[in-house]
1. Where Lys and Arg each count +1 and Asp and Glu each count -1, what net charge lies around Gly96 among other residues with Cβ under 15 Å from its Cβ?
2. Cβ under 12 Å from Ala166's Cβ, Ala166 left aside: what net charge do those residues give with Lys, Arg +1 and Asp, Glu -1?
3. At a probe radius of 1.4 Å, what is the per-residue accessible area of Thr145, in Å² to the nearest 10?
4. Report the gain in length on full extension from Ala149 to Ala72: 0.36 nm times residue separation, minus Cα-Cα distance, nm rounded to one decimal.
5. Would you kindly find the accessible area of Glu160, with a 1.4 Å probe and non-protein molecules such as ligands, DNA and RNA excluded, rounding to the nearest 10 Å²?
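The values are calculated or read from the model by the stated rules, or taken from the named source; none is laboratory data. Note that this is a predicted model, so its numbers are computed, not measured. Every residue, glycine as well, gets a Cβ built from its backbone with ideal geometry; the counts of neighbours run over all protein chains shown. Note: areas computed on protein heavy atoms with side chains; ligands, DNA, RNA excluded. Shrake-Rupley method; radii C 1.70, N 1.55, O 1.52, S 1.80 Å.
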Amino acid sequence: MPYPLLPRTPSGPRRRSLLASAAGAFVLVGCSAHESSTDTTGGSPSAADRARARAARDSGALAERYAAVITAHPALAERLRPLRAEVVRHAEAFGGTSGASGAAAPAGSPSASASTSASASPSASPTVPVHEKDALAGLAAAERTLADARAKALLDVPGELARLLASVAAAGAAHVYLLTEGAK
C-alpha cells in the first residue's frame, strides 16, 4: 500500500515570520535600552552624549570620504551624491554640523574639497583608490563597518538614540547594497 504524499511545506521559517521577529527584536532592544537608562544615575546621559557625538563624527568622516571619491572620480558623482547627502543628514540628526562634515558646499566644488582636506585627519580620510570599482568597494566597506558598529552601540544607549542608531545602521546597510549592486 503506497503512503499518501504529504503536502510540501518549506523547511525553515517563512519571510513574514522572520520580518515579524526582527521587528519585535528591534522594539525590545529600544525598550530595554530605554528602561535600563532610567534605572541608572547621572552616568547614562553622558554615555548617550558620547555615543551621539561619536556617531556624528563618524557620519561626518564618511561624508568626507564620499566627497573625496566624488572629487577623484567625477563619473561616479551622480550615483554617490544622494548617498552622501543622506550621510550628511545622518550627521546632522546626531547633532553634527553641516560645516564640520564638508556639507556646506556642494560635493566636487573647490570649497568642498578644501574644507574636506582642512578638517580631515590623516586616518579619517584615506587616499582614494585609482580605480572606480576599488573606490566603491572602499565606500561599501566603510559603510558596512560603520553600520555594524552602530548596531552594536545601540544596545548601550537610551531608547530614542537606540532607535536612531538602528535606523541609520539600516540605511548604511542599504548604502552597502547600492554601492555593491553595480559591481556584479
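1. On the way: positive: Arg50, Arg52, Arg54, Arg57, Arg65, Arg84, Arg89, Arg150; negative: Asp49, Asp58, Glu64, Glu86, Glu92.
Net charge around Gly96: +3.
2. Working: positive: Arg150, Lys152, Arg163; negative: Glu160.
Result for the local shell: +2.
3. Roll a 1.4 Å probe over it and Thr145 shows about 90 Å².
4. Numbers: separation 77, 0.36 × 77 = 27.72 nm, distance 2.73 nm.
Contour length minus Cα-Cα distance gives 25.0 nm.
5. Here the accessible area works out near 120 Å².
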